[in-house]
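J.: Handing you a structure now.
The values are calculated or read from the model by the stated rules, or taken from the named source; none is laboratory data. Since the model is a prediction, treat every value here as computed from it, not as a measurement. Methodologically, a virtual Cβ is constructed for each residue, glycine included, from the backbone with ideal geometry; neighbour enumeration extends over all protein chains shown. Surface areas here come from the heavy atoms of the whole protein model, side chains and all, with no ligands, DNA or RNA. Shrake-Rupley method; radii C 1.70, N 1.55, O 1.52, S 1.80 Å.
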Amino acid sequence: MKQIALFERQLHETPIVPLSAAYGPNEYYIKRDDMIPFSFGGNKARKAAEFYQEIKNAQVDVVMTYGSNSSNHCRIIANMAHAMGLSCHIISPEENREILYNTQLVADFGAVIETCPVSRVAETIEKRKQAYLGEGKKVYFITGGGHGNPGTESYVKAYREIQDYEAKNHIYFDYIFHASGTGATQAGLVCGKLLSGDHKRTIVGISIAREEGGGREVVKNSIREYLGKRFEELYEEEALIFTDAYRMGGYGRYTGEVTDTIEKLMREEGIPTDSTYVGKAFTGMCGYIKEKEIAGKKILFIHTGGTPLFFDLLNKKEKEAVI
Ligand SMILES: *Cc1c(COP(=O)(O)O)cnc(C)c1O
């Protein structure tokens with residue numbers, strides 16, 4: 001097994017920078033997790049740094065995961081497995097066969113893609129695991145999106161980075177906003193808040209796909225799993241805000257408002273964002289702030305990555321312009 005030097009040490013903290021343009025009557029900052037220096041960064045890279053240690057300790061032969069092969073998660077895991085000299089096997093839903101830059105990168109990293117209907121995912125994963133075991137190969141399975149305690153832990157660490165930044169710069173962020181998908185990012189941030197008794201701060205997860213009831217429950221379960229025995233003592237319902245008011249019809253769907261936000265962030269801040277996660281969540285944040293009439297606060301938005309998707313959107317726009 002080869003080492004990835006970057007993941008052998010604690011990740012360097014990512015920059016927190018103020019935004020220049022107006023987004024409402026508050027002061028806005030952005031934490032650039034898209035600048036984590038591995039495979040275009042993002043929250044999946046932050047999570048991968050934790051999974052890296054587990055994979056290393058387990059001495060495995062094959063890294064297996066679930067997800068669309070056009071996803072940021074699969075790009076990062078396939079890249080990490082390749083860099084470690086391990087095989088990567090991805091179980092992917094056959095319903096989504098879009099070919100994006102991530103898809104091409106995953107193929108370039110030599111990952112095996114096995115597709116199956118969404119309804120047969122669990123049994124396909126189990127069958128494949130058993131087949132590898134039968135060949136005498138040890139498998140490490142990563143849940144889709146890097147869900148699970150290592151993924152949560154990575155954002156507990158991000159929360160501590162934010163607190164370090166605040167202490168050094170004599171600032172306090174009243175709100176933290178971010179795109180919430182499978183929920184590990186939000187679970188980690190909320191655990192960070194609960195563990196440090198930081199009652200004043202509000203964390204808002206903008207759902208990019210899931211409906212409120214189910215989506216919130218998944219985040220709560222991740223918090224419970226991470227805190228273990230301390231859950232009953234530390235957990236507060238008010239600490240978990242997961243809004244589906246800006247999901248715009250579901251995963252991958254977006255409005256003209258989102259593309260306007262993406263253009264503004266690129267032109268006026270020099271920050272690339274995508275329409276599935278970050279640009280959509282940033283737009284949602286602006287809507288939330290307007291609706292709740294939040295003013296005079298310090299707001300931190302976390303850029304969770306997805307940079308290759310920015311270029312997919314650019315391609316699409318160019319084609320539309322030509323037609
Ligand atoms: C996966 C992803 C998210 C959502 O993170 P979760 O931890 O699954 O909630 C947000 N932004 C980007 C760019 C992602 O790739």
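J.: If you count only protein heavy atoms with a 1.4 Å probe, what accessible area per residue comes out for the chain, rounded to a whole Å²? Display every interim value, and only then the final one.
T.: Values: 14630 Å² over 323 residues.
Here the residues of the chain average 45 Å² of exposed surface.
J.: Out of the total accessible area of segment 17-103 (probe 1.4 Å, heavy atoms of protein only), what percent is carbon and sulfur?
T.: Working: 1570 of 2980 Å².
Answer for segment 17-103: carbon and sulfur cover 52 percent of the accessible area.
J.: What is segment 211-323 by shape, rounded, prolate or oblate, if you read a ≥ b ≥ c off the alpha carbon gyration tensor as root eigenvalues and call it rounded for a/c under 1.5, prolate for a/b larger than b/c, and oblate otherwise?
T.: prolate
J.: What is the local net charge at VAL139, summed over the other residues whose Cβ is closer than 9 Å to its Cβ (Lys, Arg +1; Asp, Glu -1)? Could the numbers behind the result be given before it?
T.: On the way: positive: ARG128, LYS129, LYS137, LYS138; negative: ASP61.
Residues close to VAL139 contribute a combined charge of +3.
J.: Computing the accessible area with a 1.4 Å probe over protein heavy atoms, can you report the carbon and sulfur percentage for segment 198-323? Each step should come with its number before you reach the end.
T.: Working: 3110 of 6390 Å².
Carbon with sulfur: 49 percent of the solvent-accessible area.
J.: Now, a different point. Which order, highest average first, do 204-213, 57-66 follow once you tally other Cβ atoms within 10 Å for each residue and take the mean per peptide?
T.: Values: 204-213: 20.7, 57-66: 17.8.
Ranking the peptides 204-213, 57-66 by packing returns 204-213, 57-66.
J.: Could you sort 240-248, 174-182, 123-131 so that the peptide with the highest average Cβ count within 10 Å comes first and the rest follow in order? Could you put the intermediate results ahead of the total?
T.: Numbers: 240-248: 20.0, 174-182: 24.9, 123-131: 14.3.
Descending packing order for the listed peptides: 174-182, 240-248, 123-131.
J.: Turning to a different aspect of this structure: Please state the shape class of segment 231-294: rounded when a/c is under 1.5, otherwise prolate if a/b exceeds b/c and oblate if not, all from the C-alpha gyration tensor.
T.: Numbers: a/c = 2.16, a/b = 1.98, b/c = 1.09.
Cα axes put segment 231-294 in the prolate bin.
J.: Further question on the same structure: Answer rounded, prolate or oblate for segment 4-44, using the Cα gyration tensor with square roots of eigenvalues a ≥ b ≥ c: rounded when a/c is under 1.5, else prolate when a/b is larger than b/c, else oblate. Let's see the in-between values first.
T.: On the way: a/c = 4.39, a/b = 2.95, b/c = 1.49.
Judged from the Cα gyration tensor, segment 4-44 comes out prolate (a/c at least 1.5, a/b above b/c).
J.: Under the rule of -39500 (n - 2.57) per DSSP H run of 4 or more residues, summed and divided by the residues of the chain, what mean residue ellipticity at 222 nm is obtained, to the nearest 500 deg cm²/dmol? Don't skip to the answer; put the middle values down first.
T.: On the way: 12 runs with 147 residues, N = 323.
Taken over the chain, the calculation gives -14000 deg cm²/dmol.
J.: Give me the distance in nm between label points sitting 7 Å out from Cα along the Cα-to-Cβ direction at GLN53 and ALA22, one decimal.
T.: In this crude label model, GLN53 to ALA22 measures out at 4.6 nm.
J.: Given Cα pairs under 8 Å that are at least 6 residues apart, what percent is the relative contact order of segment 1-49?
T.: Working: 43 pairs, mean separation 13.6, N = 49.
Taking the mean separation of contacting Cα pairs over the length of segment 1-49, I get 28 percent.
J.: Here is a follow-up. From the phi angles alone, apply the Karplus equation (6.51, -1.76, 1.60; θ = phi - 60°) to segment 265-278 and give each ³J(HN,Hα) in whole Hz, x where the residue is Gly or Pro.
T.: 5, 6, 6, 9, 10, x, 10, x, 9, 10, 8, 8, 10, 6
J.: Something else about it: Over segment 228-323, what is the mean sequence separation of C-alpha contacts under 8 Å (at least six apart), divided by residue count, expressed as relative contact order in percent?
T.: Dividing the mean separation by the residue count of segment 228-323 yields 24 percent.
J.: Continuing with this model, one more query. Note down the relative contact order for the chain as a percent, whole number, built from C-alpha pairs under 8 angstrom at least six residues apart. The partial results should precede the final answer.
T.: Values: 590 pairs, mean separation 70.1, N = 323.
Relative contact order of the chain: 22 percent.
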